[in-house]
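As structure tokens, the structure follows; a few thoughts come after it.
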Amino acid sequence: MDWGRAKNVLIYAFLLLNLVLGYQLWMDYREQVGSNLDFTSLSESTQQVMEENGIQLLSPIPTETPQLPKINYIYSAEAQGEPVGLEQPVDTKLIYADEKELRNALEGKIADLGNYRHDEPSDKENVFIFRPLVQKEWPLFNVELEFIHEAQKIHAYREPVFEILPSSDMEEQKVLPASKALETLIERNFIPPDSAVRDIQLGYYGQLFNTEDQLAAPTWRFTLDHGEMIYVQGISGDVLTPKSDTTKE
């Protein structure tokens, strides 16, 4: 038997098999992404604008439209103290597979960490950002808990000083669909051409005033691929960009 020729045949067969399997995995991935993103929830005119302007959607469009009230909370960024060092620095990674993995690393470091959620799109170069949760579910985008890391060690944290006030007197209203909020941004050119929407979240957001007593409303936050965040108020549909800190009617 010509072992050299047989070896070459086996090598080519394995290469061909890998190509076939790779192609099948790619097709499965495309089908999965397409079904998760569900462009059909957007109007035809919006899809046309996206195609013309090269706008991509890299995040599933949430379907929930809960009934939520506005909230009052007490917060002052100036009242936040200096970072507090950890007695034992925590080994960390630059990227975590999921939030559970990061939470396990931080277990026991902050007493009420269960009332916060990691906000990966807001992470800074050497800081993991967590947001406090309203009703144990919706992140308050104006307030942040910082975990400061360097050389793959979390060595300090800075905890916000805030209080969410009772909202029993606030009327609950149905939040507009994320698809409608996204249509507003696309059709009114708030999203620049050749951009991608990489994250869509529902939470609470409000303009910060020079008082401790603040007001926040249910708001959709859209994060673009270059890091810009645009907010659409979930009741009125007003658009708010932190860059200008003004509401667009």
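Output the number of residues of segment 56-77 satisfying the condition of being outside any loop (DSSP other than H, G, I, E, B), more than 18 Å from residue 235 (Cβ to Cβ) and more than 17 Å from the chain's Cα centre (by Cα).
Applying the first criterion (outside any loop (DSSP other than H, G, I, E, B)) to segment 56-77 yields 56-57, 67-68, 71-75, 77.
Going one step further and asking which of them are more than 18 Å from residue 235 (Cβ to Cβ), we end up with 56-57, 74-75, 77.
Those left that are additionally more than 17 Å from the chain's Cα centre (by Cα): 74-75, 77.
Matching residues across segment 56-77 total 3.
Name the one entry in 67, 56 that is closer than 24 Å to residue 185 by Cβ, out of contact with any helix residue (DSSP H, G or I) (no Cβ under 8 Å at 6 or more places or on another chain) and in contact (Cβ under 8 Å) with a residue 40 or more places away in the chain.
Numbers: 56 fails: out of contact with any helix residue (DSSP H, G or I) (no Cβ under 8 Å at 6 or more places or on another chain).
When all the criteria are applied, what remains is 67.
Restricting attention to segment 210-241, which residues are among the hydroxyl-bearing types (Ser, Thr, Tyr), open to solvent by less than 40 Å² (accessible area, probe 1.4 Å) and modelled with pLDDT under 95?
Applying the first criterion (among the hydroxyl-bearing types (Ser, Thr, Tyr)) to segment 210-241 yields 211, 219, 223, 231, 236, 241.
When the remaining residues are screened for being open to solvent by less than 40 Å² (accessible area, probe 1.4 Å), the result is 219, 223, 231, 241.
241 - this is the single residue of segment 210-241 that is among the hydroxyl-bearing types (Ser, Thr, Tyr), open to solvent by less than 40 Å² (accessible area, probe 1.4 Å) and modelled with pLDDT under 95.
Within segment 102-159, take every residue that is of a type in the set (Asp, Glu) and within 17 Å of the chain's Cα centre (by Cα) and give me the one that is most open to solvent (accessible area, probe 1.4 Å). Even if it seems obvious, please write down each step before you answer.
Residues of segment 102-159 that are of a type in the set (Asp, Glu), as a first pass: 107, 112, 119-120, 123, 125, 137, 144, 146, 150, 159.
Going one step further and asking which of them are within 17 Å of the chain's Cα centre (by Cα), we end up with 119-120, 123, 125, 137, 144, 146.
Details: 119: 3, 120: 100, 123: 47, 125: 162, 137: 89, 144: 38, 146: 17 Å².
The selected residue is 125.
Need pairs with beta-carbon distance below 7 Å; first residue free of Cβ contacts under 8 Å to residues at least 40 places away in the same chain and within segment 215-229, second among the charged types (D, E, K, R); sequence gap 6+ or separate chains.
Cβ pairs passing all conditions: 224/198.
Does segment 27-36 include one or more residues that are surrounded by 12 or more Cβ atoms within 10 Å (Cβ to Cβ) and modelled with pLDDT under 70? So that I can check it myself, show each step before the final result.
Kept after step one, since they are surrounded by 12 or more Cβ atoms within 10 Å (Cβ to Cβ), are these residues of segment 27-36: 33.
Right, trim to modelled with pLDDT under 70 and you get 33.
Checked against the condition, which is being surrounded by 12 or more Cβ atoms within 10 Å (Cβ to Cβ) and modelled with pLDDT under 70, segment 27-36 yields at least one hit.
If you take the residues in segment 160-187 that are touching a residue at least 24 places away in the same chain (Cβ under 8 Å) and among the small types (Gly, Ala, Ser), which one is surrounded by the most Cβ atoms within 10 Å (Cβ to Cβ)? Lay out the reasoning, then the answer.
The first filter runs over segment 160-187 and keeps only residues touching a residue at least 24 places away in the same chain (Cβ under 8 Å), leaving 160-165, 167, 170-187.
Still in the list and also among the small types (Gly, Ala, Ser): 167, 178-179, 181.
Numbers: 167: 16, 178: 23, 179: 21, 181: 26.
Applying the filter and picking the extreme gives 181.
Among the residues in segment 75-86, are any modelled with pLDDT of 80 or more and open to solvent by 60 Å² or more (accessible area, probe 1.4 Å)?
Filtering segment 75-86 for residues modelled with pLDDT of 80 or more gives 75, 82-86.
Adding the requirement that they be open to solvent by 60 Å² or more (accessible area, probe 1.4 Å) leaves 82, 84.
Yes, there is a match, as at least one residue in segment 75-86 is modelled with pLDDT of 80 or more and open to solvent by 60 Å² or more (accessible area, probe 1.4 Å).
Please count how many residues of segment 196-209 are closer than 20 Å to residue 123 by Cα and surrounded by fewer than 16 Cβ atoms within 10 Å (Cβ to Cβ).
Selection size over segment 196-209: 1.
The values are calculated or read from the model by the stated rules, or taken from the named source; none is laboratory data. Everything numeric here is computed off the predicted structure, so don't read it as measured data. Glycine also receives a Cβ, built like all others from the backbone with ideal geometry; neighbour counts cover every protein chain displayed. Side chains included, ligands, DNA and RNA excluded: accessible areas come from the protein's heavy atoms. Shrake-Rupley method; radii C 1.70, N 1.55, O 1.52, S 1.80 Å.
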